[in-house]
Amino acid sequence: MRRAIRFADTLINRIVAVICLLLFLICLYAMIDAVNVYLNANDTSVLKFKPKLGESQEPLGEIVKDAVAWITVDGTSIDHPVMQGKTNDTYINKDPYGNFSLSGSIFLDSRNSSDFSDEYSMIYGHHMEHGAMFGALDDFSDPAYFDLHRSGTLITSDGTGYSIAFFACCKAPANETVVFDPPESNNSDLLKYIEAHAAIYYPDEVDPDSVILALSTCQSAETIERLIVFGVLTQITAEESNERSTK
């Protein structure tokens with residue numbers, strides 16, 4: 001009887017030890033995974049490939065294949081290559097080098113023209129902590145912050161430069177086709193939607209003939225609501241390009 005009790009006690013201790021070890025390994029994996037996600041989201045190694053206005057993106061090296069542009073939002077951490085895959089799932093969990101990454105990449109809607117010649121284009125990015133990726137868009141909900149961060153630059157793969165003048169910030173469900181179907185969206189309908197739903201909107205700075213760019217990020221994993229910041233794209237002239245390149 002005692003031998004059976006000791007055997008049972010030993011077996012229970014070993015089972016508890018195994019469970020504790022498994023829990024420790026799971027926690028360790030979760031910590032390592034969280035660190036990797038943070039590091040990938042804040043990876044600045046791609047900045048060495050950032051092109052200058054008037055230059056093609058051939059120097060982008062490893063990321064040139066699917067990199068269609070480079071976006072910079074002045075005064076924020078948004079300074080990234082813009083990728084475009086065959087579908088909108090391609091770069092959700094893939095970094096600009098083509099490696100698996102939970103933080104993904106900043107990417108252009110797969111249905112948009114890669115040269116941003118559409119009347120309305122949309123760029124997506126994950127909502128990451130501490131303003132990484134498109135987590136920085138959260139701050140645009142504050143009117144005071146929005147007023148101080150209303151400019152940016154987009155450089156396409158052939159070196160063409162566009163200035164970005166942000167004019168609105170609003171939230172919309174991911175199934176709202178007026179907002180999230182850029183090739184089919186009519187700018188007049190889009191502007192009506194923005195006027196009706198935007199927390200911040202400067203109507204005098206945009207019209208149906210404007211070339212509109214939207215930056216979109218999710219709000220949380222539990223909702224389909226998205227935060228979108230809208231801007232007007234205006235091509236930078238050769239003179240402006242030269243002036244900016246010398247700064």
Of the conditions (1) more than 18 Å from Asp138 (Cβ to Cβ); (2) buried (at least 16 other Cβ atoms within 10 Å of the Cβ); (3) in contact with a strand residue (DSSP E or B) (Cβ under 7 Å, 6 or more places away or on another chain), the single one that Ala214 does not satisfy is (1)
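From Glu205, Glu195, which residue is modelled with pLDDT of 95 or more and either buried (at least 18 other Cβ atoms within 10 Å of the Cβ) or under 18 Å from Pro143 (Cα atoms) (or both)? Can you show your working first?
Numbers: Glu205 fails: modelled with pLDDT of 95 or more.
When all the criteria are applied, what remains is Glu195.
Looking only at the stretch 92-114, decide whether some residue is of a type in the set (Phe, Trp, Tyr), farther than 26 Å from Asp204 by Cα and crowded, with 22+ Cβ neighbours inside 10 Å. Outline the logic, then answer.
First, pick out the residues of the stretch 92-114 that are of a type in the set (Phe, Trp, Tyr): 97, 100, 107.
From the residues that got through so far, the ones that are farther than 26 Å from Asp204 by Cα too are 97, 100, 107.
Remaining after also requiring crowded, with 22+ Cβ neighbours inside 10 Å: 107.
Yes: one or more hits.
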Residues satisfying the stated conditions in the stretch 124-173, i.e. aliphatic (A, V, I, L, M) and under 21 Å from Asp209 (Cβ atoms): Leu154, Ile164, Ala165, Ala168
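Whether any residue in the stretch 104-118 is on the phi > 0 side of the Ramachandran plot and either under 12 Å from the mean Cα position of the chain (by Cα) or not in a loop (DSSP other than H, G, I, E, B) (or both) is what I want to check.
So far as the stretch 104-118 goes, yes, one or more of its residues are on the phi > 0 side of the Ramachandran plot and either under 12 Å from the mean Cα position of the chain (by Cα) or not in a loop (DSSP other than H, G, I, E, B) (or both).
Quick one: in the stretch 30-88, which of the residues that are aliphatic (A, V, I, L, M) and part of a loop (DSSP other than H, G, I, E, B) is modelled with the highest pLDDT? First the steps, then the outcome.
Initial filter on the stretch 30-88 (aliphatic (A, V, I, L, M)): 30-32, 34-35, 37, 39, 41, 46-47, 53, 60, 63-64, 67-69, 71, 73, 78, 82-83.
Applying the additional criterion that residues be part of a loop (DSSP other than H, G, I, E, B) yields 53, 64, 78.
Numbers: Leu53: 76, Val64: 62, Ile78: 94.
The extreme case among them is Ile78.
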Based on this model, can you work out whether Gly159 counts as buried (at least 21 other Cβ atoms within 10 Å of the Cβ) and not in a helix (DSSP H, G or I)? no
Exactly one condition in (1) surrounded by fewer than 21 Cβ atoms within 10 Å (Cβ to Cβ); (2) at pLDDT 95 or above is not met by Ser121; state its number. (1)
Cβ contacts < 8 Å: first residue over 16 Å from Trp70 (Cβ atoms), restricted to the stretch 93-116; second residue loosely packed, with under 15 Cβ neighbours inside 10 Å and among the β-branched types (Val, Ile, Thr), any location; separation 6+ or different chain. Result? Ser110/Thr87
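Test Gly98 against the stated conditions and say whether it is in a helix (DSSP H, G or I), modelled with pLDDT under 90 and over 18 Å from Ser163 (Cβ atoms).
On the way: in a helix (DSSP H, G or I): no; modelled with pLDDT under 90: yes; over 18 Å from Ser163 (Cβ atoms): yes.
No.
The values are calculated or read from the model by the stated rules, or taken from the named source; none is laboratory data. Note that the structure is predicted; figures quoted are calculated from it, not measured. Positions of Cβ are backbone-derived with ideal geometry, glycine not excepted, and every protein chain shown enters the neighbour counts.
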